[in-house]
Amino acid sequence: MLSLNITWPIPLILSILSFGSNIKTVSAQSTDNTYTFSADYNTSVVIDPNFRPDLGIVRATITGESVEPAPYGLNSFTSNTYGKLEPIVNPSINKYTFNSDPTVFGLKDEPILFDRYYGGANELFGRASDTAEINFAEQTIKGGGTITIFGGTGLFKNATGAISFTEEDKLSPPGTPSKGLAKLTFSLQTARQVPEPTYTTTLIGIGVIGAGLRLKQQRHKASLKE
């Protein structure tokens, strides 16, 4: 009759299982953190019409301060873009296409500009693509578009996503900033860090493998004695 002594691994296995039960496990879940929120900003717009008047290209700088404390401390922003005047149909209205990338307008020797949203440890960086209409009869600037996010700091390290916005400003005399209001909606993603296997988990795995090999040896010896 086959007699197999396998009692010795039981305490070891129970000890391993007991030890492992105190290890925090990581359940399978989405690899991204998502952030969706809105904020309103009082804006100041400066358009430089003398940047490349030969090509109908301007430089625009927009700064903003949140009307109320913005989520995640993003209370301020600065946006720098290039703008190209579209063919004029109505003399009282100038329409511009704006973009942070100068090559969109055929400029090869100018730097790529960007937006910065800040106010504390959390920051966002993006590049704008939008349009605006200057209405001289109504003395307004109205526009909107998208800022594509390519990075950040703090909670928004390596962030991706987009900011959609609309903006309306009161046109000021040349040489003075135009003041208005921008409404921004943020839709962001950041990668969630997945914990690496711990040293303790590795030891548990080695222990289980060792117990299995020892059990196999006992069975082999028992079969030889049969």
So, in nm, how far is label T146 from label V89 when the simple model puts each one 7 Å beyond its Cα toward the Cβ?
2.3
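Counting only heavy atoms of protein chains, what accessible area per residue, in Å², does region 53-111 have with a probe of 1.4 Å? Numbers along the way, then the final one.
Details: 3120 Å² over 59 residues.
Here the residues of region 53-111 average 53 Å² of exposed surface.
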Given 0.36 nm per residue, what is the gain on full extension from N50 to R116 after removing their alpha carbon distance, in nm?
21.3 nm
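On full extension of the chain, what length is gained from T166 through S38, given 0.36 nm per residue of separation minus the C-alpha to C-alpha distance? Display every interim value, and only then the final one.
On the way: separation 128, 0.36 × 128 = 46.08 nm, distance 1.18 nm.
Full extension of this stretch gives 44.9 nm more.
How do 65-72, 86-93, 107-114, 177-184 rank on mean C-beta neighbours within 10 Å, highest first? Show your work: numbers first, answer last.
Numbers: 65-72: 15.4, 86-93: 10.1, 107-114: 12.6, 177-184: 17.9.
With the highest mean Cβ count within 10 Å placed first, the list reads 177-184, 65-72, 107-114, 86-93.
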Provide the gained length on full extension for the span K108 to E65, in nm with one decimal, where the gain is 0.36 nm per separating residue minus the Cα-Cα distance.
12.2 nm
Computed ³J(HN,Hα) along region 140-152: with the Karplus parameters 6.51/-1.76/1.60, θ = phi - 60°, integer Hz and x for glycine or proline, the list is 10, 10, 10, x, x, x, 9, 10, 8, 7, 10, x, x
When you count, for each residue, the other Cβ atoms within 10 Å and take the mean per peptide, how do 76-85, 163-172 rank with the highest first?
76-85, 163-172
Set of aspartates and glutamates near K95 by C-alpha distance (under 12 Å), chain-local residues within fewer than 8 positions excluded
E86, D130, E133
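The values are calculated or read from the model by the stated rules, or taken from the named source; none is laboratory data. Predicted model only: the values in this text are computed from it and were never measured. Here the Cβ is made from the backbone with ideal geometry for all residues, glycine too, and neighbour counts use every protein chain on show. We work out accessible area using only protein heavy atoms, side chains counted, and drop any ligands, DNA or RNA first. Shrake-Rupley method; radii C 1.70, N 1.55, O 1.52, S 1.80 Å.
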